[in-house]
2 protein chains.
Amino acid sequence: MELGLRSETIRRANLSAIVRALHCDGPLSRSELGARTGLTRSAIRVLIGELAAEGLVDELNGPLLGTPGRPSAVVRLRPGRAVVLALEVAVDYLAAALVGIGGQVLRMRRVDRSRSSVSVEETISDLVALANALTEEDAGEAIDELVGICVAFAGIVRRTDDVVAMAPNMGWREVPLGDLLARALGTRLRVMVANEADLGALAEQRRGAGAGVQDMLFISGEVGVGGGLIVDGRPMTGATGYGGEIGHMPLNPAGGACGCGSYGCWELEVGELALLALAGHPVDGGRNEVDRVLADARTGDEQALAAFDQVGTWLGRGVAGLVNVLNPQLVVLGGLFQRIYPFIEPAMRSEVERLTLRLSAAVVNIKSSSLGVDAPLLGAAELAFERLLDDPASLAESTNQAEWRVVA
Amino acid sequence: MELGLRSETIRRANLSAIVRALHCDGPLSRSELGARTGLTRSAIRVLIGELAAEGLVDELNGPLLGTPGRPSAVVRLRPGRAVVLALEVAVDYLAAALVGIGGQVLRMRRVDRSRSSVSVEETISDLVALANALTEEDAGEAIDELVGICVAFAGIVRRTDDVVAMAPNMGWREVPLGDLLARALGTRLRVMVANEADLGALAEQRRGAGAGVQDMLFISGEVGVGGGLIVDGRPMTGATGYGGEIGHMPLNPAGGACGCGSYGCWELEVGELALLALAGHPVDGGRNEVDRVLADARTGDEQALAAFDQVGTWLGRGVAGLVNVLNPQLVVLGGLFQRIYPFIEPAMRSEVERLTLRLSAAVVNIKSSSLGVDAPLLGAAELAFERLLDDPASLAESTNQAEWRVVA
């Protein structure tokens, strides 16, 4: 009788379970791997042998813990064996990182840019320069193979074809960023593009404030406000990848026109421009101007403190609505909100308490991002690894060994 | 080498795949079953044999379609072999149905009740009377075994222990409705309790307006407003089952106090009480009073038409925000909104168009419920079947054969 699952399918699924456990949880002993994957000792032995032959893992003798018997060897991933290139495009800055399997950041660069350099052409040439600068740095770790490239983008992205559908704060529409970057980088790899808040959520869940949490919301504020949802442990991106556009909830019936074409959007009350305007600072001053408002607030400046209070109150209104709709265990505030968190927290919490259903409020934890400004970039690295994590056997079959040279 | 999945596990999973396909899609030929489950002809033959021996399926000769060869036999579920009791508790009415495996409604009753009869004790004794009345009706189909009981409830429900956590419009808090009903019905079966909008979403997705849709939102309006979300084909209920409380999004900064303890909640603008107040009718008049407003509107009464316009506009605001956050393919408006749909649709659509991101608006379809007032009750039946659908082999092992008598 045919059972529907063939043994080759099962072998690949089991390799995936092992590599995923090592990638997400770090080095593990064989018995810990058995406990996490449900595989027997002999199955683990065979599969680890395959991965070691491929150069993807090695085994180190673990510490002697004074327990009888042999010390348990620890299996770990070799970061340089499979590397991804993570990129980030925000209104105010660009960033790039090389990240090894297992999550080790091998190299990272972040550069500010001016609002006048946000055209598609300049963005692409700046990203290529940033990627090249990364690869010219001293390696530290030898890099065998580039297995994925992903861009975190501050705008509305269609993941199916890696197109930026709309970026109101940069004036982009229907830009095939993935294809354009692949050509500019000279790579045959797919260049994935995803929304920065979705990726921030992924990073915080896997390596940050949301470790182990199954239902969480990551709120990323800069000029715009985006949301990344994790539902039942899985990213929720909606029917066509446009989900999580929480910055465009119409929360203020008296609000003005938004760059998205709507009116009274939440981000008009809580984004960087709102904060700077309320504080009486130039609204096009970017991150440096926000730093000045923070400095003012630290000296007790009343207008700065009132601006943070108002942003905090509006932030609380939106968070309350989202908690009532989504019933998450955790809300993580990142980007701008992480930087200004101490000044907005009291007003935000007071409004959340006033407007959230008691039952949902009782189970939700609200905190600022633990990965800070790096969350979207680290999330891009995680997404770029997904194909390998799903099917580590593909590494042995790949023809990309020379691929790294192309980018380097 | 142990492969992680044992053959008994696979046998049960394959039985589940077959019964689920027949339950959701209706009678199928063996070759259609093969196409849907990926199982071979011989596997299908063995498994159908097991299910037939258990009395759960039979095979009928299919129609001769003029194609050469033998006519293909059609496998169908026998509705009376496994039956569930579905119950519904709303502010204004109670309902009950017996539904056979495959989704056939064998008997159904719905009774209005007054706002003064919503105490826990009266509700339970009324539900038991309704269930007994159902079982006294002419069977039509002989019933072998009761396999599940589920209650659709208009309030905030904790699914893990079948407790009504809060029902602001009935004054209930922390009522162990599942346990209380199991005792009153004298059954050893678990009495599941779930939110009516969550169940409406399940029913619409499986048998109604959302058939085959993977990402949808069901909005159920009565006195309160609830939401049922389907994300990637699966119900999204949040971390503790309180998700979907969309009626309590704080959408009106100028709004009043809500029974939930918050302020400016959406349901204060779009629920039954808002409609009746705007139309100048007694707000405690219930469904009959809504019928009078509908009658007024049909005669061109200006206050009634203006009331529907305003409710439609506020409905559109909330739908726009939810579409931006969730990016669904489909929004289904049920309950009150289904009944008043022709009168609220123009204002609702105009506001949705004004406030929804163009990209998300382009992929979403908004329509009124096709199951109407029955959606939550039918969803309760679907949820009550889940245990059997997950493991049809449990039927052969059950000791509930006599159980039906207890309820009957």
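Where a number appears in this text, it was derived from the coordinates with a stated rule and is not lab data. Everything numeric in this text was worked out from a predicted model, so none of it was measured. Here the Cβ is made from the backbone with ideal geometry for all residues, glycine too, and neighbour counts use every protein chain on show.
From most to least packed by mean Cβ count within 10 Å, the peptides B:309-320, B:198-209 give B:198-209, B:309-320. Taking the DSSP beta bridges with both ends in region A:210-370, the antiparallel portion is around 50 percent. Distances between copies of B:ASN132, taken at a point 7 Å out from Cα along the Cα→Cβ vector and listed shortest first: 8.6 nm. Here the protein assembly as shown is treated with +1 on each Lys and Arg Cβ and -1 on each Asp and Glu Cβ, and its dipole about the Cα centre works out to around 1840 debye. Here the chain A residue lying nearest the rotation axis onto B, judged by its C-beta and given with the distance in whole angstrom, is A:VAL231, 3. For the peptide B:324-335, the mean number of other protein chain Cβ atoms found within 10 angstrom of a residue's Cβ is 5. Across peptide B:153-166, the mean count of Cβ atoms from other chains lying within 10 Å of each residue's own Cβ comes to 1.
Of the residues A:VAL84, A:GLY316, B:ALA277, the one whose Cα sits farthest toward the positive end of the charge dipole of the protein assembly as shown, with +1 on the Cβ of Lys and Arg and -1 on the Cβ of Asp and Glu, is A:VAL84. In terms of other Cβ atoms within 10 Å, A:SER368, A:SER360, A:SER116 run from fewest to most in the order A:SER116, A:SER368, A:SER360. What distance in nm separates the simple spin-label points at A:ASP391 and B:GLU302, each placed 7 Å from Cα in the Cβ direction? Inter-label distance under the simple model: 6.8 nm.
Averaged over the residues of peptide A:36-44, the number of Cβ atoms from other protein chains lying within 10 Å of each residue's Cβ is 2. Note on the protein assembly as shown: dipole from Cβ charges, positive end direction compared against B:ILE340, B:VAL57, A:LEU268; the farthest Cα belongs to B:VAL57. Region B:151-192 and region A:202-244 have Cα centres lying 32 Å from one another. Rounded to the nearest 20 debye, the dipole magnitude of region A:7-77 is 200 debye, with +1 charges on Lys and Arg beta carbons, -1 on Asp and Glu beta carbons, and the Cα centre as origin. With contacts taken as Cα pairs under 8 Å at a separation of at least 6 residues, chain A carries a relative contact order of 16 percent. The mean sequence separation of alpha-carbon pairs under 8 Å and at least six residues apart, normalised by the residue count of region B:209-370, gives a relative contact order of 24 percent. Between copies, the label points of A:GLY212, set 7 Å from Cα on the Cα→Cβ line, lie 4.3 nm apart, reported in increasing order to one decimal in nanometres.
The helix-only estimate of mean residue ellipticity at 222 nm for chain B, built from DSSP H runs of length n ≥ 4 each weighted as -39500 (n - 2.57), is -13000 deg cm²/dmol after division by the residue total. Residues of region B:177-215 with the amide nitrogen closer than 19 Å to a label point 7 Å from the Cα of A:ALA362, along Cα-to-Cβ, please. Residues B:177-180, B:193-195 fall inside that zone.
In this assembly of identical copies, the label point of B:VAL46 (Cα plus 7 Å along Cα-to-Cβ) is separated from its counterparts by 2.1 nm, sorted shortest first.
Simple rule: put +1 on each Lys or Arg Cβ and -1 on each Asp or Glu Cβ in the protein assembly as shown, find the dipole, and look at A:LEU130, B:SER117, A:SER368; the Cα lying farthest toward the positive end is A:LEU130. For chain B, the dipole from Cβ point charges (+1 on Lys and Arg, -1 on Asp and Glu) about the Cα centre works out to 1180 debye, to the nearest 20. For chain A, the membrane-span-like helix rule (DSSP H, alpha carbon extent of at least 20 Å along the helix axis, mean Kyte-Doolittle at least -1.0) picks out A:7-25, A:120-136, A:302-326, A:341-355, A:375-390; this says nothing about an actual membrane.
DSSP beta bridges confined to the protein assembly as shown are antiparallel in about 65 percent of cases.
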